[in-house]
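Undergrad: Here you go, one structure.
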Amino acid sequence: MKIFSMTPQQVKQKLIEDFNILGDWMDRYDYLIDMGKSLPPLDAKYKTEDNRITGCQSDVWLHAYTKEGLIFFEADAGAIITKGLISLLISVYSGQPLQEVANAEMEFIEQIGLKDQLTPTRSNGLTSMLKRIKLEATEFMKLSN
């Protein structure tokens, strides 16, 4: 779903609208699962302990790189819902300026209502994913200064 010409706020708004149209939580979970299925496979060379996100119920790997001041993410996960969650975050933050990603907030997750629907373990995992995305952007910013 990622359109690189959209700002994170525009992508968040589109996701909020998409989730609100679906209404029923079974349909929303199906949408999230479809997002995970559409995530391109992560090259095995990036499935390292350094790229593993701690705090998630299942294995999640995140590879970040920059190009022309923008940060890009590739990821994979061992569970389909978790893969959908990381795909959701990547759709918002990949291809965005480092500063915007480093200062990212999770308000759109609450607006979607997703955080209330997740088990506490998955909710903590989602928070860990966002923290890692923000950390990657912050670290790249330090390197570029």
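Undergrad: Restricting to the range 62-72, count the residues that are under 13 Å from Pro40 (Cα atoms) and either crowded, with 22+ Cβ neighbours inside 10 Å or of a type in the set (Val, Ile, Thr) (or both).
TA: Residues meeting the conditions: 1.
Undergrad: Moving on. I'd like to check which helices (runs of 4 or more DSSP H) are fully inside the range 81-145 and have at least 3 residues that are within 16 Å of His63 (Cα to Cα) and touching a residue at least 60 places away in the same chain (Cβ under 8 Å).
TA: Values: elements: 98-102, 107-112, 114-117, 120-144.
Counting at least 3 such residues, we get 120-144.
Undergrad: Being loosely packed, with under 11 Cβ neighbours inside 10 Å, part of a loop (DSSP other than H, G, I, E, B) and out of contact with any helix residue (DSSP H, G or I) (no Cβ under 7 Å at 6 or more places or on another chain), is that true of even one residue in the range 52-59?
TA: No, the conditions are met nowhere in the range 52-59.
Undergrad: Being surrounded by 15 or more Cβ atoms within 10 Å (Cβ to Cβ), of a type in the set (Gly, Ala, Ser) and more than 24 Å from Met6 (Cα to Cα) narrows it down to one of Ser91, Ser128, so name that one.
TA: Step by step, each of Ser91, Ser128 is checked, and only Ser128 is surrounded by 15 or more Cβ atoms within 10 Å (Cβ to Cβ), of a type in the set (Gly, Ala, Ser) and more than 24 Å from Met6 (Cα to Cα).
Undergrad: I would also like to ask the following. Check Asp76, Asp27 and return the single one that is in a helix (DSSP H, G or I) and of a type in the set (Asp, Glu).
TA: Answer to the selection: Asp27.
Undergrad: What do you reckon, is Leu42 assigned to a loop (DSSP other than H, G, I, E, B) and of a type in the set (A, V, I, L, M)?
TA: yes
Undergrad: While we're on this one: Could you please find all residues in the range 42-80 being in contact (Cβ under 8 Å) with a residue 12 or more places away in the chain, more than 19 Å from Asn124 (Cα to Cα) and within 15 Å of the chain's Cα centre (by Cα)?
TA: Within the range 42-80, Leu42, His63, Ala64, Ile71, Phe72, Phe73, Glu74 meet the criteria.
Bear in mind these aren't lab numbers, they're just calculated from the coordinates by the rules spelled out. Given the structure is predicted, the values throughout are model-derived calculations rather than measurements. A quick note on method: Cβ atoms are made from the backbone with ideal geometry, for glycine too, and the neighbour counts reach across all protein chains shown.
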